[in-house]
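Notes follow once the structure below has been shown.
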Number of protein chains: 2
Amino acid sequence: MEVRIAVAKVNQYADSESGDTLEVVERPGGGLSVVLADGQTSGKGAKAISMMVVRKVIGLLAEGVRDGAAARAASDALFTDKQGKVISTLNIASIDLHSNTIVLARNNPAPTFICSEDRIDALSEDCEPLGTSRNVRPVITELAIEPGLTIIIFTDGIIHAGERRGQPMNVGETIRSIIEDQDPTPEQLADSLLAHAISLDDNRPTDDISVLVLKVSPHTGDDARRMSVRLPIHVNSS
Amino acid sequence: MEVRIAVAKVNQYADSESGDTLEVVERPGGGLSVVLADGQTSGKGAKAISMMVVRKVIGLLAEGVRDGAAARAASDALFTDKQGKVISTLNIASIDLHSNTIVLARNNPAPTFICSEDRIDALSEDCEPLGTSRNVRPVITELAIEPGLTIIIFTDGIIHAGERRGQPMNVGETIRSIIEDQDPTPEQLADSLLAHAISLDDNRPTDDISVLVLKVSPHTGDDARRMSVRLPIHVNSS
């Protein structure tokens, strides 16, 4: 089999730096973890917070700390530092080749969508962002790695898209319509969701938006691991 | 403009874990760094070394430490720990949006290839791997971010490909033939180089092989950052 991961990210309109941070790290013993954090506000302050959270989590994961413990440690560090005045959402999605499962750790009020065969389920149990209090725990969900499994995670820029015009996005319905049309690649799914959210915001996103899609496919290619990154840049003429 | 990055990686034949580690991190203030290390041997020991090196470097880069200083720090840490008995190559490729340059730090005897318009140059000045002695310094090369610039970095699995059959790979010629044929995407270039190396090893690579390609293109798409990962997995039936 093959796990494919796609990420698409935009900044709030007219903001040069996204408050969302996403990184992918190798797990000791094989597998990968994707870590996504969204700091409380946008701009530089939020970026510093989300980078700190992601940095803390990937450092611990690299040492072999389990996902739930890494999330709790990052929350405690943030609470100790900011006394609850600054919070951050966190999602960790890990492909764990010891247990042959995908482990989701969620400290994000925005739901995670799980699609398989004919079903689309939302993981939307109450959960607290990091840094809100002592003893913040993530909601952990463990799923067998099976062909067809698709997981969709996003920051609250998706939830808030369209609110300015009074047309908030129905994320579940949007996902259903994208998946019914075709058998989308994770890239197509992430791009379609992002494009729909941006269009609801009249092409001027009111918040940073990050979309992360994991999809398990029957393996058809070779044994190489691959990664691609696309980074649009605006070079200032001096 | 847009910077596109492609990575393709395989393990030594019959080895479950690559000794090469590659990670991409966001730089504070914008931009990205790609960090690639190859530990001295293959298998678990090499993986632990290359992960330690990459972890050290990305932690320092995230704090705003400059690339050359991060490489030196990782070398000193490795030398202090292993007294020169264990070494690791290191390449850092950074898209620095402060200076609008691509900064290459190289502690890898394998050359780096720089392609632009009609030229293919090899960066092949002598340089030492990390951990060989005190005062190891990287060779630093700084390049303006310009459309058409293509940078090709790899671990020594590419250099050693074909040696078993007495047909070592001419990497420069291989790159030239791939580039002349077409205007390859970075993914096509990385995949072609990797495929050629594996074929020279009779489809049983004698070493871990990682290929990293950065390419600057005139920007044609939107302002979203994108990342894709493909991870082939073999689930053990229990």
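The values are calculated or read from the model by the stated rules, or taken from the named source; none is laboratory data. From a predicted model like this one, the values you see are computed outputs, not experimental measurements. Every residue, glycine among them, receives a Cβ derived from its backbone with ideal geometry; neighbour counts consider all protein chains shown. These accessible areas exclude ligands, DNA and RNA; they are computed on the full protein's heavy atoms, side chains included. Shrake-Rupley method; radii C 1.70, N 1.55, O 1.52, S 1.80 Å.
Quick notes on this one:
- Checklist (1) at pLDDT below 90; (2) within 8 Å of another protein chain (Cβ to nearest Cβ) applied to residue A:46, failing item: (2)
- Some residue of segment B:72-85 being outside any helix (DSSP H, G or I), within 8 Å of chain A (Cβ to nearest Cβ) and either among the basic types (Lys, Arg) or out of contact with any Cys (no Cβ under 8 Å at 6 or more places or on another chain) (or both): no
- Going through (1) closer than 19 Å to residue B:207 by Cβ; (2) among the hydroxyl-bearing types (Ser, Thr, Tyr); (3) touching a helix residue (DSSP H, G or I) at 6+ places or on another chain (Cβ under 9 Å) one by one, residue B:155 falls short only on (3).
- Picking from residues in segment A:186-220 that are open to solvent by 10 Å² or more (accessible area, probe 1.4 Å) and within 7 Å of chain B (Cβ to nearest Cβ), the one that is farthest from residue A:90 (Cα to Cα) is A:219.
- Residue satisfying condition, being part of a helix (DSSP H, G or I) and either free of Cβ contacts under 8 Å to residues at least 24 places away in the same chain or surrounded by 24 or more Cβ atoms within 10 Å (Cβ to Cβ) (or both), within set B:57, B:65, B:25: B:57
- Filter pass, residue B:102 being in contact (Cβ under 8 Å) with a residue 24 or more places away in the chain and touching an Asp or Glu at 6+ places or on another chain (Cβ under 8 Å): yes
Yes/no per residue for (1) more than 19 Å from the chain's Cα centre (by Cα); (2) away from chain A (no Cβ under 12 Å):
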| position | (1), (2) |
| --- | --- |
| B:30 | yes, no |
| B:33 | no, no |
| B:61 | no, no |
| B:87 | no, yes |
| B:94 | no, no |
| B:98 | yes, no |
| B:108 | no, yes |
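- Just one of the listed residues (B:121, B:126) is surrounded by fewer than 19 Cβ atoms within 10 Å (Cβ to Cβ), away from chain A (no Cβ under 14 Å), more than 14 Å from the chain's Cα centre (by Cα) and part of a loop (DSSP other than H, G, I, E, B), and it is B:126.
- For segment B:201-218, a residue qualifies if it is assigned to a strand (DSSP E or B), out of contact with any Asp or Glu (no Cβ under 6 Å at 6 or more places or on another chain) and of a type in the set (S, T, N, Q), but none of them does.
- Number of the condition not met by residue B:104 [criteria: (1) under 30 Å from residue A:48 (Cα atoms); (2) among the hydrophobic types (A, V, I, L, M, F, W, C); (3) in contact with a Lys or Arg (Cβ under 9 Å, 6 or more places away or on another chain); (4) crowded, with 20+ Cβ neighbours inside 10 Å]: (3)
- Test: residue in segment A:163-179 that is within 14 Å of chain B (Cβ to nearest Cβ), outside any loop (DSSP other than H, G, I, E, B) and more than 26 Å from residue A:68 (Cα to Cα): no
- Only residues that are loosely packed, with under 13 Cβ neighbours inside 10 Å and part of a loop (DSSP other than H, G, I, E, B) were counted across segment A:133-147, and they come to 3.
- Those residues of segment B:147-158 which are within 15 Å of residue B:119 (Cα to Cα) and of a type outside the set (Ser, Thr, Tyr), in sequence order: B:147, B:148, B:149, B:151, B:152
- Summed over segment A:159-177, residues that are surrounded by fewer than 19 Cβ atoms within 10 Å (Cβ to Cβ) and closer than 16 Å to residue A:119 by Cβ total 4.
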